[in-house]
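Trainee: I am attaching a structure below and will ask some questions about it afterwards.
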Amino acid sequence: MSSTQLNVTAREAVGKGSARAARREGLVPGVVYGKGMEPCPITVQPKALQAAISTDAGWNALITLKGQGPFDGKQVILKDLQVDSIRRDAQHADFQAIDLQQTLSVMVPVHPVGKSAGEKVGGSLQVIRHELEVVCLPTAIPDAIEVNVEAMEIGDVLHVEDLVLPAGSEVPHDVNFTVITCTGHKAEEVEGEEGEEVEAEGEEA
């Protein structure tokens, strides 16, 4: 689990006017919220914010806030980041204070590992779910869910219940949905042959 520190400054004023003023000064306005605390408006240096979430853990990095305010020493994760659609710079950041002893829900990327047998004969590996909702302790958040796909042949499908999850992690689900598939010419040929058989049976009838 990646962890880092982030220096932030309390904002005395709240509202859109305060946020715009912070952006004019080259800062990113934000808010820290969590169980047992009042939402606290803050500002943060954009480069420091980017560095904090540029680890392998991304948004799931465990961040310890530093600064003068009730947020000092709070451990948080980034829950939302608004980005300008044109300039792509950060406009507002939401941080959630967390309890290291309580599980939480986060989105974790899916990373295929290796080259599938199907790809080696011309097939294509398709990741249907690029992220999965994971429930775990903050200290056990995985950087990624790694899935070994080397044994997958053309036509094979990996469902969520087929995955080997990191220790202490759970992916809540009601349906055994598809995560990764391997498609290619072999599947198409089989479908074509089946179609020809159906047509031949029709002619015999």
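Trainee: Please determine whether any residue of segment 12-21 is closer than 14 Å to F95 by Cβ, hydrophobic (A, V, I, L, M, F, W, C) and in contact (Cβ under 8 Å) with a residue 12 or more places away in the chain. I'd like the intermediate steps shown before the answer.
Mentor: Here is the first cut: in segment 12-21, the ones closer than 14 Å to F95 by Cβ are none.
Within segment 12-21, not a single residue is closer than 14 Å to F95 by Cβ, hydrophobic (A, V, I, L, M, F, W, C) and in contact (Cβ under 8 Å) with a residue 12 or more places away in the chain.
Trainee: Name the residues in segment 9-52 that are of a type in the set (A, V, I, L, M) and closer than 14 Å to Q96 by Cα, would you? It would help to see each step written out before you state the result.
Mentor: Of segment 9-52, the ones of a type in the set (A, V, I, L, M) are 10, 13-14, 19, 21-22, 27-28, 31-32, 37, 42, 44, 48-49, 51-52.
Correct list: V31, V32, M37, I42.
Trainee: Kindly indicate whether P172 is in the same structural domain as V113 (by TED's automatic domain parsing) and either farther than 25 Å from S116 by Cβ or modelled with pLDDT of 95 or more (or both). I'd like the intermediate steps shown before the answer.
Mentor: Values: in the same structural domain as V113 (by TED's automatic domain parsing): yes; either farther than 25 Å from S116 by Cβ or modelled with pLDDT of 95 or more (or both): yes.
Yes.
Trainee: Take Q68 and tell me if it is surrounded by fewer than 16 Cβ atoms within 10 Å (Cβ to Cβ), under 23 Å from the mean Cα position of the chain (by Cα) and free of Cβ contacts under 8 Å to residues at least 60 places away in the same chain. Let's see the steps before the verdict.
Mentor: Values: surrounded by fewer than 16 Cβ atoms within 10 Å (Cβ to Cβ): yes; under 23 Å from the mean Cα position of the chain (by Cα): no; free of Cβ contacts under 8 Å to residues at least 60 places away in the same chain: yes.
The answer is no for Q68.
Trainee: If you check T9 against the conditions, is it surrounded by fewer than 18 Cβ atoms within 10 Å (Cβ to Cβ), of a type in the set (S, T, N, Q) and outside any loop (DSSP other than H, G, I, E, B)? Outline the logic, then answer.
Mentor: Working: surrounded by fewer than 18 Cβ atoms within 10 Å (Cβ to Cβ): yes; of a type in the set (S, T, N, Q): yes; outside any loop (DSSP other than H, G, I, E, B): yes.
Taking the combined requirement at face value, the residue satisfies it.
Trainee: Surrounded by fewer than 19 Cβ atoms within 10 Å (Cβ to Cβ) and in the same structural domain as E25 (by TED's automatic domain parsing): which single residue out of I86, I63, I77 fits that description?
Mentor: Values: I63 fails: surrounded by fewer than 19 Cβ atoms within 10 Å (Cβ to Cβ); I77 fails: surrounded by fewer than 19 Cβ atoms within 10 Å (Cβ to Cβ).
Exactly one of I86, I63, I77 is surrounded by fewer than 19 Cβ atoms within 10 Å (Cβ to Cβ) and in the same structural domain as E25 (by TED's automatic domain parsing), namely I86.
Trainee: While we're looking at this one, here's another question. Assess whether E161 counts as being modelled with pLDDT of 95 or more, in contact with a Pro (Cβ under 6 Å, 6 or more places away or on another chain) and surrounded by fewer than 16 Cβ atoms within 10 Å (Cβ to Cβ).
Mentor: Values: modelled with pLDDT of 95 or more: yes; in contact with a Pro (Cβ under 6 Å, 6 or more places away or on another chain): no; surrounded by fewer than 16 Cβ atoms within 10 Å (Cβ to Cβ): yes.
In short, no.
Trainee: If you don't mind, another one. Suppose the filter is closer than 20 Å to R87 by Cβ and at pLDDT 85 or above; does K16 pass it? Before you say what the answer is, go through the steps one by one.
Mentor: Details: closer than 20 Å to R87 by Cβ: yes; at pLDDT 85 or above: no.
Answer is no for this residue.
Trainee: Hey, another quick one. What's the number of the condition G69 fails, among (1) touching a strand residue (DSSP E or B) at 6+ places or on another chain (Cβ under 6 Å); (2) under 14 Å from A97 (Cβ atoms); (3) modelled with pLDDT of 90 or more?
Mentor: Of the numbered conditions (1) touching a strand residue (DSSP E or B) at 6+ places or on another chain (Cβ under 6 Å); (2) under 14 Å from A97 (Cβ atoms); (3) modelled with pLDDT of 90 or more, the odd one out for G69 is (3).
Trainee: Go through segment 73-112 residue by residue and tally those that are free of Cβ contacts under 8 Å to residues at least 60 places away in the same chain, closer than 27 Å to R23 by Cβ and in contact with a helix residue (DSSP H, G or I) (Cβ under 6 Å, 6 or more places away or on another chain).
Mentor: Total satisfying the criteria: 1.
Trainee: Within segment 126-165, how many residues turn out to be in a loop (DSSP other than H, G, I, E, B), within 27 Å of T183 (Cα to Cα) and not charged (D, E, K, R)? Quick ask: steps written out before the conclusion?
Mentor: Here is the first cut: in segment 126-165, the residues in a loop (DSSP other than H, G, I, E, B) are 128-130, 137, 141-144, 149-156, 163-165.
Among the residues that remain, those that are also within 27 Å of T183 (Cα to Cα) are: 128-130, 144, 149-156, 163-165.
Now restrict to residues that are not charged (D, E, K, R): 128, 130, 144, 149, 151-152, 154-155, 163-165.
The total comes to 11.
Trainee: Among the residues of segment 12-41, which ones are hydrophobic (A, V, I, L, M, F, W, C), in contact with a helix residue (DSSP H, G or I) (Cβ under 9 Å, 6 or more places away or on another chain) and surrounded by 15 or more Cβ atoms within 10 Å (Cβ to Cβ)?
Mentor: Start the filter on segment 12-41 by keeping residues that are hydrophobic (A, V, I, L, M, F, W, C), which leaves 13-14, 19, 21-22, 27-28, 31-32, 37, 40.
Filter once more, so that each one left must be in contact with a helix residue (DSSP H, G or I) (Cβ under 9 Å, 6 or more places away or on another chain): 13, 27-28.
L27, V28, listed by residue number.
The values are calculated or read from the model by the stated rules, or taken from the named source; none is laboratory data. Since the structure is predicted, the reported quantities are computational estimates derived from the model, not experimental observations. Here the Cβ is made from the backbone with ideal geometry for all residues, glycine too, and neighbour counts use every protein chain on show.
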